[in-house]
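Accompanying notes for the structure given below.
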Amino acid sequence: MIDSIQQLRNVIEQDLATIKDPASLEAFRLKHLVKKGTLQELIEHMRSVPKEEKPLIGKVLNELRTYVETHFSAAKEQIESKDTGIETIDVTLPGTIPTIGHVHPIRKTLDRIVDIFAGMGFSVAEGIDIEDDYHNYEALNFPADHPARDMQDTFFIDDPEGDVMLRSHTSPVQIRMMKHHEPPIRSIMPGRVYRNEAITARSLAEFHQVEGLYIDKGVTFADLKGTVTSFAKQMYGEHSSFKFRPSYFPFTEPSAEVDIQCYLCKGEGCRVCKHSGWLEICGCGMVHPNVLKNCGIDPEIYSGFAFGFGIERVTMLSTGIDDIRYLYENDMRILRQF
């Protein structure tokens, strides 16, 4: 058995000297190191070795296996690191253009809205997401027992200091603007808002909103109508159809809602517009005198208007998406279109 081991070692040494490239390296591995190779065949002969000889023969056999594995690894490393001088990149092939991201449709819509209102002289103001009851409701002419508070299902936060909540609209930013800036004020307030509502094809519990405020001497409802109509035509197209209808909001008087003809059914009626042929895009009105007083502005001298709308709704109208949830499901089949 010792002689067989020595003979195999001599063969292996000769074969190691012939390894010059990947092909000869693979040939050596297939001859000596696989399950049916010479080394494994010799190991299996250990079964027939007398018990008293096994320690000595086993030691010599292990030394051979270590020798083979060590020299094979060294030869493999040398070949892999060797510069063969062969160009592995075909420089004549066309380059691969890397995939890059792009602006999310919600962000794209917001940027477009800001651009339109900036062209009409509006600045941009932002506020905090967590508000107190005074800025979110009371200063906006919502008394503590006012039924209009039920119009907005609020996410309240436990706080020993009093009623704290996730803002249900960006109107608190308007209050802070009027409290800390002298008229004239002309600004829009984009941001994320939160309402405890059922998630459907038309509504979410967390969404984006843009509100606008204009305070100055002699501001009328005609100014409001002209501003909202100008924005809508720039956003949805010059030939879009709109209508103003009376509504109610505690912080404006008189109040109105603006509807646009449904973009899917063209006024015929479908599930998105609830078969009315129209979609609400904006709530607006003249700022209530009580709100002006709460902010230290004399309603006998100044007047103004406010408006607000959801960015998701605007995105749906401008893109033709018929389910608001698609905007947040990260479905690349939809997002790649924008």
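Since every read-out is calculated from the coordinates, none of them should be taken as a lab result. All of these numbers come straight from a predicted model, not from anything done at the bench. Here Cβ is always computed from backbone atoms with ideal geometry, including for glycine, and neighbour counts include all displayed protein chains.
Nearest 10 degrees is fine. How inclined is helix 22-32 to the longest principal axis of the chain, computing both from alpha carbons?
Approximately 60 degrees, to the nearest 10.
In degrees, nearest 10, range 0 to 90: what is the angle between the Cα axis of helix 105-119 and the longest Cα principal axis of the chain?
Relative to the chain, helix 105-119 is tipped by roughly 40 degrees.
May I ask you to list the lysines whose Cα is less than 24 Å away from that of Lys243, ignoring any residue fewer than eight positions away on the same chain?
Here the lysines satisfying the reach criterion relative to Lys243 are Lys225, Lys233, Lys266, Lys274.
Assuming 0.692 mPa s and 37 °C, estimate D for the stretch 25-98 with Stokes-Einstein, Rh taken as the Kirkwood radius over Cα pairs, in µm²/s.
207
Which value, in debye to the nearest 20, gives the size of the charge dipole of the chain about its Cα centre, when Lys and Arg are +1 and Asp and Glu are -1 at the Cβ?
Roughly 1120 debye for the chain.
Pull out the extension gain between Ser73 and Ser203, defined as 0.36 nm times the separation in residues minus the alpha carbon to alpha carbon distance; nm, one decimal.
40.4 nm
Which of Ser4, Ser303, Ser81, Ser171 comes first, and how do the rest follow, when ranked by fewest Cβ neighbours within 10 Å?
Ranked by crowding around the Cβ, least crowded first: Ser81, Ser4, Ser303, Ser171.
Helix-only estimate, please: 222 nm mean residue ellipticity of the chain, summing -39500 (n - 2.57) across DSSP H runs of length 4 or more and dividing by its residues, to the nearest 500.
-11500 deg cm²/dmol
Could you order peptides 157-163, 127-133, 68-74 by the average number of other Cβ atoms within 10 Å of their residues, highest first?
Result, highest mean first: 127-133, 68-74, 157-163.
Pick from Met46, Met177, Met189: which is most flexible by mean-square fluctuation in a GNM of the chain where alpha carbon atoms under 10 Å apart are linked?
The residue with the greatest mean-square fluctuation here is Met46.
About its Cα centre, how strong a charge dipole does the stretch 2-81 have in debye, to the nearest 20, once Lys and Arg get +1 and Asp and Glu get -1 at the Cβ?
For this selection, approximately 260 debye.
In whole Å, how far is the Cα centre of the stretch 53-79 from that of the stretch 206-285?
84
As an exercise, use a Förster radius of 22 Å and the Cβ-Cβ distance of Ser230 and Ser123 to find the FRET efficiency, rounded to the nearest 0.05.
E between Ser230 and Ser123, to the nearest 0.05, is 0.80.
What residues have an amide H closer than 5 Å to that of Asp163, excluding those fewer than 5 places away on the same chain, when H is modeled at 1.01 Å from N in the peptide plane?
It is Asp133, by chain and number.
Name the cysteines of the chain that stand alone by the Cβ rule: no other cysteine Cβ under 4.7 angstrom.
Cys282, Cys284, Cys295
Counting only residues 5 or more places away or on other chains, whose amide H sits under 5 Å from the amide H of Asn141 once H atoms are built in the peptide plane?
Amide H neighbours of Asn141, under 5 Å, 5+ apart: none.
List the trypsin sites (Lys or Arg not before Pro) in the stretch 199-257 that DSSP assigns to loop (not H, G, I, E or B) and whose Cβ has at most 11 other Cβ atoms within 10 Å. Which are they?
Of the trypsin sites (Lys or Arg not before Pro), the ones in loops of the stretch 199-257 whose Cβ has at most 11 other Cβ atoms within 10 Å are Lys217.
Which number gives the lysine pairs in the stretch 2-81 that have C-alpha atoms under 20 Å apart and are eight or more places apart or on different chains?
So the count of such lysine pairs works out to 5.
Which one, Leu16, Val49, Leu61, projects farthest toward the positive side of the charge dipole computed for the stretch 2-81 from Cβ point charges (K/R +1, D/E -1)?
Value computed over the given set: Val49.
Mind checking the full-extension length gain between Glu268 and Arg336? Use 0.36 nm per residue of separation minus the Cα-Cα distance, one decimal, nm.
The Glu268-Arg336 span can extend by a further 21.5 nm.
Under 15 Å from the 7 Å Cα→Cβ point of Asp323, by amide nitrogen: which residues of the stretch 199-218?
199-204, by backbone N distance to the label point.
Could you state the angle between the C-alpha long axis of helix 171-180 and the longest principal axis of the C-alpha atoms of the chain, as a value from 0 to 90 degrees rounded to the nearest 10?
Helix 171-180 sits roughly 70 degrees off the main axis of the chain.
Which value does Rg/Rh take for the chain over its C-alpha atoms, Rh per Kirkwood?
Checking Rg against Rh, the ratio lands at 1.45.
What is the calculated FRET efficiency for His275 to Glu80, with r their C-beta to C-beta distance and R₀ = 51 Å, to the nearest 0.05?
FRET efficiency, His275 to Glu80: 0.10.
Calculate one ³J(HN,Hα) per residue across the stretch 130-141 by plugging θ = phi - 60° into the Karplus curve 6.51 cos²θ - 1.76 cosθ + 1.60, and present them in order as whole Hz with x for glycine and proline.
Result, rounded to whole Hz: 9, 10, 9, 5, 4, 6, 7, 9, 4, 5, 9, 6.
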